[in-house]
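Have a look at this one before I ask anything.
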Amino acid sequence: MSYEFVVLPAGAAASPGDVLAYFRSRRGQPADDDLYRTVIAGLHGWNSRIPASAPHARLRIEAAGDSVRVTAADSVDRRRTRGSAMDYAAPRIREFIEALITGFPYELYDARTNTLTSPEIRRYVSVDMGGERRYSSLTQRDVFDWVRQLHLLVATPFLILEKRNAADSFIRTHRNSPSDYTLELHHPLRGQRLGTTMTDGATVAQLLWDWAGDEWSRLDRVQWEPLGD
């Protein structure tokens, strides 16, 4: 199984459904110099770092004029009994491509979600989802999707965000039911270890996103309870 991405100029396609037709219309054209320097060279750099023992992790790169299609390998771990649980690199590939095009006039098509977007704001924290999935950053869309589907994504539905190089500064949530979340905050600089319960997953996701960006106005309004050591 594989996942497909297309980088193309902003505004070149009116909708996600127009992206592949646009890409096909550029086939046979040499790669645009700006696209090569901004995106394609970085994609080749990714492949150059993949060891020979893991050829499946390399990207398939198809340049066509001012656009490029990237195919990333994916695999379902058939040992799991939870049908929705997957072991894949696609989110990391997307994060890498977004980093390449941030600040440049390109958009990214993601065939998995059938979306066409400009790079989102990304916040860099360590992410541990259920002890099964780990990431080094997140977008606002990521955290809202993760909280909403936590019970489907991992066997133990918890999500922990940690500050880089500061594992004692973290925020953690556990989904007990669709309307029951526990939220724990550890902020050593404030000398606080706090907890609360919430009924709305969207509110939990917003607080996680705020914490990742050091935005405290909503967090400070939460009715926290001190937690023991």
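The values are calculated or read from the model by the stated rules, or taken from the named source; none is laboratory data. Because the structure is predicted, anything quoted here is derived from the model rather than measured. Cβ atoms come from the backbone with ideal geometry, glycine included; neighbour counts cover every protein chain shown.
Name the residue that is modelled with the lowest pLDDT, counting only residues in region 1-20 that are buried (at least 19 other Cβ atoms within 10 Å of the Cβ) and farther than 11 Å from ASP66 by Cα.
That would be TYR3.
Still on this structure, I have one more. All but one of (1) part of a strand (DSSP E or B); (2) without any contact (Cβ under 8 Å) to a residue 24 or more places away in the chain hold for ASP214; which doesn't?
Tallying (1) part of a strand (DSSP E or B); (2) without any contact (Cβ under 8 Å) to a residue 24 or more places away in the chain, ASP214 fails exactly one: (1).
Only one of these is touching a residue at least 40 places away in the same chain (Cβ under 8 Å), touching a Phe, Trp or Tyr at 6+ places or on another chain (Cβ under 9 Å) and not acidic (Asp, Glu): LEU152, LEU194, LEU100, LEU185. Name it.
Testing whether each residue is touching a residue at least 40 places away in the same chain (Cβ under 8 Å), touching a Phe, Trp or Tyr at 6+ places or on another chain (Cβ under 9 Å) and not acidic (Asp, Glu) leaves just LEU100.
Now a separate question. Looking at TYR124, TYR106, can you tell me which residue is more than 19 Å from ASP214 (Cα to Cα) and at pLDDT 85 or above?
TYR106
Next up: Restricting attention to region 130-180, and to residues there that are surrounded by fewer than 18 Cβ atoms within 10 Å (Cβ to Cβ) and among the aliphatic types (A, V, I, L, M), which single residue is nearest to ALA90 (Cα to Cα)?
LEU152
Would you mind stating whether THR196 is closer than 30 Å to SER118 by Cα, at pLDDT 95 or above, over 17 Å from the mean Cα position of the chain (by Cα) and surrounded by 16 or more Cβ atoms within 10 Å (Cβ to Cβ)?
Here the answer is no, as THR196 does not meet what is asked.
Of all strands (runs of 3 or more DSSP E) completely enclosed by region 94-172, which ones contain at least 3 residues that are over 11 Å from the mean Cα position of the chain (by Cα) and over 22 Å from ALA10 (Cβ atoms)?
126-129, 158-163
Tell me which residues, restricted to region 14-50, are touching a Lys or Arg at 6+ places or on another chain (Cβ under 8 Å) and polar (S, T, N, Q).
Listed by number, the list holds a single entry, ASN47.
While we're on this one: Looking only at residues in region 21-72 that are among the hydrophobic types (A, V, I, L, M, F, W, C), in contact with a Leu (Cβ under 8 Å, 6 or more places away or on another chain) and outside any helix (DSSP H, G or I), which one is modelled with the lowest pLDDT?
Among residues in region 21-72 that are among the hydrophobic types (A, V, I, L, M, F, W, C), in contact with a Leu (Cβ under 8 Å, 6 or more places away or on another chain) and outside any helix (DSSP H, G or I), the one modelled with the lowest pLDDT is ALA72.
Looking only at region 21-59, count every residue that is closer than 19 Å to LEU108 by Cα, surrounded by 11 or more Cβ atoms within 10 Å (Cβ to Cβ) and among the hydrophobic types (A, V, I, L, M, F, W, C) and tell me the total.
9
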